[in-house]
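Right, one structure below, let's go through it.
Computed from the coordinates by the stated procedures, all read-outs in this text should not be read as laboratory data. Predicted model, so just to flag it, every value in this text is computed and none were measured. Ideal geometry is used to build each Cβ from the backbone, glycine not excepted, and the neighbour counts take in all protein chains shown.
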């Protein structure tokens, strides 16, 4: 584990981070990308629900792009550690812009929309790896956790506003018009990256490709420590995202409230863990936060009224903050030369499990009501957390 610090220094303070032009550029482009993704995902989920009425297709439409991220992790994720990361990130942002714009085409068949969703997921996974690889070069090691915390907090806050705004916009606009709004946000993210981020030449020359990706992935997954950390970063999160994917089916008129409550809880958790806890404190709270992530969802077995359901979702989502100390532990056991790829694999696997969770939730909800399905997924998340705890503790204690 990284060395402990008792209080934030000027280097690691959020204000100091934002004074760095490159970090501010990465941060702003990330924020705009999250906003665009939130709006387009909510619009697509609403459109699919209106056309099909299927909980499975609705859930997959909101999180289906995450299935393609595993393809990025398995094939071309080594581009995240190439020696021209800025050029790579700009190119990937251009692809995202085209994909989001295509969703705004009226009367586009659902099959084409799902194909676009998967294509975007593939390239977005490469973009995430590249962005996070750049992050480790733009900020000092001591500032990594605060930087990730700030980006996670912003992601949660932006998602709160995005879901709330999406619910309002869809009362007055068509889904295609909301897609156009998301396109404008994606274009703004592209401009920010192109004008603020510079190329870094400190990386060793590498030839990105399938062989390089597989070599690094094999080395990563052959070690027990990283495997245990990745399991806890991927599976419990993914199962709870499956719960969230059923909100539209569970409460069609109030799904925006539940989704916003989840994002607000995530924001609070990341702010508390990333800003106010030391490295030792973050390490100690990882397991309790994993339990918190799932336990409140067991309340859905009782079909709670909306205020209680909203409170449960808000409380549970604070548990997503366990991701921060686990990511910190993963970074500590990662060689510098492949940090971008490893972080890309971690992010891609986490997103893929979100897609698996959403698909599993939708499939179960075809036969069970949404409330029992939510309860079952929460129980499964708790089981994974409890069973894997010994292996995670061994990894964080030994740093292997």
>> If I stretch the segment between residue 308 and residue 94 completely, what's the gain in nm (0.36 nm per residue apart, minus their alpha carbon distance), one decimal?
In response: 72.8 nm
> Taking a label point 7 Å from the Cα of residue 112 along the Cα→Cβ vector, which residues of region 84-105 have an amide N closer than 11 Å to it?
Replying inline: 102-105
>> Using the Kirkwood radius over C-alpha pairs as Rh, can you work out the diffusion coefficient of region 244-392 via Stokes-Einstein at 20 °C, viscosity 1.002 mPa s, in µm² per second?
In response: 131
> At a Förster radius of 25 Å, what calculated FRET efficiency corresponds to the Cβ-Cβ distance of residue 280 and residue 161, to the nearest 0.05?
Replying inline: 0.15
> Does a label point 7 Å from the Cα of residue 21, set along Cα-to-beta-carbon, have any residues of region 172-196 with amide nitrogen under 19 Å, and which are they?
Replying inline: 189-196
> If the chain between residue 87 and residue 272 were fully stretched, how many nm would it gain, using 0.36 nm times the residue separation less the Cα-Cα distance?
Replying inline: 63.1 nm
>> Calculate the FRET efficiency for residue 54 and residue 194 from the Cβ-Cβ distance with a Förster distance of 30 Å, rounded to the nearest 0.05.
In response: 0.15
